[in-house]
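Accompanying notes for the structure given below.
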Amino acid sequence: MTGKVITAFSTTAKMPKMCAHYGLEHETVKIGFKYIASKMLVENVLVGGEESGGIAVAGHIPERDGIWMGLVIWEFMAKTGKKLHELIAEVYEITGPFAYNRNDMHIDEAIKLQVLENCKAGKYTAFGQFPVHHMEDLDGFKYFLTPEEWIMIRASGTEPILRVYAEASTKERVVEFLDAAKKTLLG
């Protein structure tokens, strides 16, 4: 199958590598499945996904559907004879290892606004011992600590919280990133 792969800004930095491996175009959009769905309605989109696990595929409704995705995976497993852990291993062979997590910080609104202002002003150049190499701000503030490891700060659009996301090569490193971000953000 062919088509574009669209992912939300908060998803893994490994998607471009996966898409390149399979010869597929990749596009990153703002957070919120509505941005993916709107593209699926007018473009040749093979798959769209967000960090919360919401995924949609061509040939079905342009919306997250966990039951359908489970059936798609089962069908693929039946056709290939591969077990789920083998499919996951294939992903890691292409991308290398990675881990991801998110902290939802329930903090005072004034502190949340100050953190966001600090992000806009470029005040965060390191999180603890981890220097920032570059930052992207499509929808929130994604601070790359290495080319594929990052901390992202974004106020929730639906809840009164500050979300802090992290992706790294190991679960332990993700915890280190999230701890360093919390200490840096809250002083």
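The values are calculated or read from the model by the stated rules, or taken from the named source; none is laboratory data. For clarity, every value in this text was computed on a predicted model and none was experimentally measured. When we count neighbours, we look across all protein chains shown, and the Cβ atoms used for this are built from the backbone with ideal geometry, even at glycine.
Residues checked against (1) in a helix (DSSP H, G or I); (2) of a type in the set (D, E, K, R); (3) closer than 18 Å to PRO97 by Cβ; (4) assigned by TED's automatic domain parsing to the domain that holds PRO131:
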| position | (1), (2), (3), (4) |
| --- | --- |
| ILE153 | no, no, no, yes |
| THR158 | no, no, no, yes |
| PHE177 | yes, no, yes, yes |
| ALA181 | yes, no, no, yes |
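Being touching a residue at least 60 places away in the same chain (Cβ under 8 Å), in a loop (DSSP other than H, G, I, E, B) and among the hydroxyl-bearing types (Ser, Thr, Tyr) is the filter here; which residues of the range 1-36 pass it? Passing the criteria: SER10, THR12. Taken over the range 83-121, the criterion of being in a loop (DSSP other than H, G, I, E, B), over 22 Å from the mean Cα position of the chain (by Cα) and small (Gly, Ala, Ser) is satisfied by ALA121 alone. Of the residues screened, GLY54 is one that is surrounded by 12 or more Cβ atoms within 10 Å (Cβ to Cβ), at pLDDT below 95 and under 19 Å from GLU167 (Cβ atoms).
Consider the range 78-110 and keep the residues that are loosely packed, with under 14 Cβ neighbours inside 10 Å and in contact with a Leu (Cβ under 9 Å, 6 or more places away or on another chain). The one that is farthest from TRP150 (Cα to Cα) is THR80. Taken over the range 37-59, the criterion of being of a type in the set (A, V, I, L, M), in a strand (DSSP E or B) and touching a residue at least 40 places away in the same chain (Cβ under 8 Å) is satisfied by VAL45, LEU46, VAL47. Of the conditions (1) free of Cβ contacts under 8 Å to residues at least 40 places away in the same chain; (2) loosely packed, with under 12 Cβ neighbours inside 10 Å; (3) not in a helix (DSSP H, G or I), GLU75 satisfies every one except a single condition; which number is it? With respect to (1) free of Cβ contacts under 8 Å to residues at least 40 places away in the same chain; (2) loosely packed, with under 12 Cβ neighbours inside 10 Å; (3) not in a helix (DSSP H, G or I), GLU75 is out only on (3).
Residue by residue, here is whether (1) in contact with a strand residue (DSSP E or B) (Cβ under 7 Å, 6 or more places away or on another chain); (2) crowded, with 19+ Cβ neighbours inside 10 Å; (3) of a type outside the set (Ser, Thr, Tyr) holds:
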{"site": "TRP150", "(1), (2), (3)": "yes, yes, yes"}
{"site": "THR158", "(1), (2), (3)": "no, no, no"}
{"site": "ILE161", "(1), (2), (3)": "yes, no, yes"}
{"site": "ALA168", "(1), (2), (3)": "yes, yes, yes"}
{"site": "LYS171", "(1), (2), (3)": "yes, no, yes"}
{"site": "PHE177", "(1), (2), (3)": "yes, yes, yes"}
{"site": "GLY187", "(1), (2), (3)": "no, no, yes"}
